[in-house]
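Some notes on the structure that comes next.
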Amino acid sequence: MFNLILFGPPGSGKGTQSEKLIAKYSLKHLSTGDLLRSEIANQTALGLEAKKVMDKGELVPDEVVIGMISTAIDQNPDAKGFLFDGFPRTSAQAEALDKLLDLKNTSISIMLALEVSEQELINRLVKRGETSGRSDDVNVDIIKARINEYHKKTTAVADYYKQFDKVVLIKGEGTVDEIFHHICQEVDNIM
Ligand code: ADP
């Protein structure tokens, strides 16, 4: 299996690049953000709890997202590989993911980390908020809280995979196609 983590702060382009990557490499896309928004849309108990946290720009509890990912992995026994988008976001999630993949005799092949300046992130998210309908994109304070959570809890995830030499940095500014081209070069290198 080929299992890829697309990593980066909110607004770094993970969703956009994920769509192109899953099409090109036939990977199963697992986005915890999308899974959570689908729980919210279906008004499940999990979704209603998660929405309160997400609207503050904070992270949903580890056990909730780990449970969702575990279910999603089990539901896709024939996947050629997974693309994890927005997960893992804490060291505890990274350790849990390694254990889940270990049970399937597989592991993370590579983490691609998109790098984008803070001002560019804020500009992109404010702009997305004009059309996305996402309640966490509508004001700059929530956007800044999400970027703050990223620095406080999520950057540690890159350090976790660096110890296994699995991290490749990708410049996340430029056109969508330029960035995709660079990502594909890295994927082709190790596939
Ligand atoms: P973005 O990367 O643009 O912030 P996401 O769609 O990945 O957007 O996530 C939106 C929100 O969902 C996050 O701010 C957080 O509250 C919650 N969330 C998503 N993934 C996770 C995760 N792995 N752990 C905890 N919370 C998460």
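What FRET efficiency comes out for the pair VAL140/ASP34, r = Cβ-Cβ distance, R0 = 30 Å, nearest 0.05? Present the calculation step by step, with values, prior to reporting the outcome.
Values: r = 24 Å, r/R0 = 0.78.
Working from the Cβ atoms, E equals 0.80.
Hydrodynamic analysis of region 1-63 uses the Kirkwood radius over alpha carbon pairs. Inserted into Stokes-Einstein at 25 °C and 0.890 mPa s, it gives a translational diffusion coefficient of 186 µm²/s. Taken over the C-alpha atoms, region 33-119 has Rg and Dmax values of 14.1, 41 angstrom. Across region 67-72, rounded Karplus estimates of 3J(HN,Hα) from the backbone phi angles (6.51 cos²θ - 1.76 cosθ + 1.60, θ = phi - 60°) give x, 5, 5, 4, 4, 5 Hz, Gly and Pro being marked x. The sum of -39500 (n - 2.57) across all DSSP H runs of n ≥ 4, divided by the residue count of the chain, sets its helix-only mean residue ellipticity at 222 nm to -16500 deg cm²/dmol. Rounded to the nearest 10 square angstrom, HIS151 shows an accessible area of 100 square angstrom against a 1.4 Å probe.
Using a 1.4 angstrom probe on heavy atoms only, work out the carbon and sulfur share of the accessible area of the chain in %. Carbon and sulfur: 50 percent of the exposed surface of the chain. Using the Stokes-Einstein relation with a Kirkwood hydrodynamic radius computed over Cα pairs, the translational diffusion coefficient of region 39-88 at 37 °C and a viscosity of 0.692 mPa s comes to 270 µm²/s.
Near GLY67: Cβ cut-off under 12 Å, other residues only, Lys/Arg at +1 and Asp/Glu at -1. The net charge is -4.
Taking every pair of alpha-carbon atoms in region 62-111, give the share separated by more than 17 Å as a whole percent. Spell out each step's value before the answer.
Numbers: 302 of 1225 pairs.
Value for region 62-111 (Cα pairs over 17 Å): 25 percent.
Of LYS80/LYS152; LYS14/LYS80; LYS20/LYS52, which pairs sit farther than 23 Å apart, going by alpha carbon to alpha carbon? Flagged as over cut-off: LYS80/LYS152; LYS20/LYS52. Remark on region 73-151: ratio of C-alpha radius of gyration to 2.2 N^0.38 Å is 1.40. Rolling a 1.4 Å probe over the protein chains gives LYS14 an accessible area of about 20 Å².
For a Förster distance of 41 Å, can you work out the FRET efficiency between the beta-carbons of ASN42 and GLN185, rounded to the nearest 0.05?
Working: r = 39 Å, r/R0 = 0.95.
Plugging the Cβ-Cβ distance into 1/(1 + (r/R0)^6) gives 0.60.
Rg and Dmax, both from the Cα atoms of the chain and both in Å, are 15.8, 43.
For the chain, relative contact order (Cα pairs under 8 Å, six or more residues apart, normalised by length) works out to 32 percent.
The values are calculated or read from the model by the stated rules, or taken from the named source; none is laboratory data. Since the model is a prediction, treat every value here as computed from it, not as a measurement. Note: ideal-geometry Cβ built from the backbone for every residue, glycine included; neighbour counts use all protein chains shown. With ligands, DNA and RNA removed, areas are computed over all heavy atoms of the protein, side chains included. Shrake-Rupley method; radii C 1.70, N 1.55, O 1.52, S 1.80 Å.
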